[in-house]
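The values are calculated or read from the model by the stated rules, or taken from the named source; none is laboratory data. Every value quoted in this text rests on a predicted model; they were computed, and no experiment measured them. FYI the Cβ positions are ideal-geometry reconstructions off the backbone, even for glycines, and counts take in every protein chain you see.
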């Protein structure tokens, strides 16, 4: 390498360190569609195309049933049942998600939408509610895939803000 090339590399190094690649991290996506509302490939593609500033696992669960009165209990029942969902929880409640995991739960017949997040992601209740609300107009039109992808976009925004604040 010549001197000019070395000088350019040295000058660009701080910018490369302060502004990481725009490609970011693609999320790992798990879908458990018990209610039969998703087009799984469309949903998976929409979520996997998003970029996050850290490694994130997005678990999506749809729950059937019109009479669900406690979505937390229903979520634990489904998430803890079977090989796929059992890897989402460290314990036996929705507050014990595995680090880096976000769980989007939809019970369409009972009109429940929830966003649960592992503690290491530091998403406040207000932010989780805003993530849930991002799906509202899509879900009202029966666009389950679009609503859940919108939740993912809002999640990416909050994770980016948290990473910026940590820098």
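Quick one: count up the residues across the stretch 113-138 that are touching a strand residue (DSSP E or B) at 6+ places or on another chain (Cβ under 7 Å) and either in a helix (DSSP H, G or I) or farther than 14 Å from residue 79 by Cβ (or both).
7
Evaluate the following for residue 40: is it touching a strand residue (DSSP E or B) at 6+ places or on another chain (Cβ under 6 Å) and exposed (fewer than 14 other Cβ atoms within 10 Å of the Cβ)? It would help to see each step written out before you state the result.
Numbers: touching a strand residue (DSSP E or B) at 6+ places or on another chain (Cβ under 6 Å): yes; exposed (fewer than 14 other Cβ atoms within 10 Å of the Cβ): yes.
Judged against the criteria, residue 40 is a match.
Are any residues in the stretch 1-58 farther than 21 Å from residue 156 by Cβ, at pLDDT 65 or above and out of contact with any helix residue (DSSP H, G or I) (no Cβ under 8 Å at 6 or more places or on another chain), and if so, which ones?
Selection gives 35, 36.
With respect to residue 69, is the statement that it is at pLDDT 60 or above and in contact with a helix residue (DSSP H, G or I) (Cβ under 9 Å, 6 or more places away or on another chain) true? First the steps, then the outcome.
On the way: at pLDDT 60 or above: yes; in contact with a helix residue (DSSP H, G or I) (Cβ under 9 Å, 6 or more places away or on another chain): no.
Taking the combined requirement at face value, the residue does not satisfy it.
Which pairs turn up if I take residues in the stretch 121-147 that are at positive phi and surrounded by fewer than 17 Cβ atoms within 10 Å (Cβ to Cβ) and look for partners that are assigned to a helix (DSSP H, G or I) and modelled with pLDDT under 95 with beta carbon separation below 6 Å, at least 6 apart in sequence or on another chain?
From residues that are at positive phi and surrounded by fewer than 17 Cβ atoms within 10 Å (Cβ to Cβ), the pairs are 122/162.
Quick check on my filter: what residues within the stretch 141-167 are modelled with pLDDT of 95 or more and either touching a strand residue (DSSP E or B) at 6+ places or on another chain (Cβ under 6 Å) or not in a loop (DSSP other than H, G, I, E, B) (or both)?
144, 145, 146, 147, 148, 149, 150, 151, 152, 153, 154, 155
Tell me whether the stretch 90-104 contains one or more residues that are assigned to a strand (DSSP E or B) and free of Cβ contacts under 8 Å to residues at least 24 places away in the same chain. Working first, answer last.
Keep residues of the stretch 90-104 that are assigned to a strand (DSSP E or B), which gives 97, 101-104.
Among the residues that remain, those that are also free of Cβ contacts under 8 Å to residues at least 24 places away in the same chain are: 97.
Yes; the residues of the stretch 90-104 include at least one that is assigned to a strand (DSSP E or B) and free of Cβ contacts under 8 Å to residues at least 24 places away in the same chain.
Considering the stretch 148-164 alone, what residues qualify as being crowded, with 17+ Cβ neighbours inside 10 Å and closer than 24 Å to residue 38 by Cα?
Going through the stretch 148-164, the residues crowded, with 17+ Cβ neighbours inside 10 Å turn out to be 148-152, 154-156, 158-159.
148, 149, 150, 151, 152, 154, 155, 156 - these are the residues of the stretch 148-164 that are crowded, with 17+ Cβ neighbours inside 10 Å and closer than 24 Å to residue 38 by Cα.
Hey, residue 112 hits all of (1) within 14 Å of residue 152 (Cα to Cα); (2) surrounded by 19 or more Cβ atoms within 10 Å (Cβ to Cβ) but one; which does it fall short on?
Result: residue 112 fails condition (1) only.
Restricting attention to the stretch 53-70, which residues are in contact with a strand residue (DSSP E or B) (Cβ under 8 Å, 6 or more places away or on another chain) and farther than 21 Å from residue 29 by Cα? Steps first, answer last, please.
Taking the stretch 53-70 first, the residues in contact with a strand residue (DSSP E or B) (Cβ under 8 Å, 6 or more places away or on another chain) are 53-65, 68.
Passing the criteria: 65, 68.
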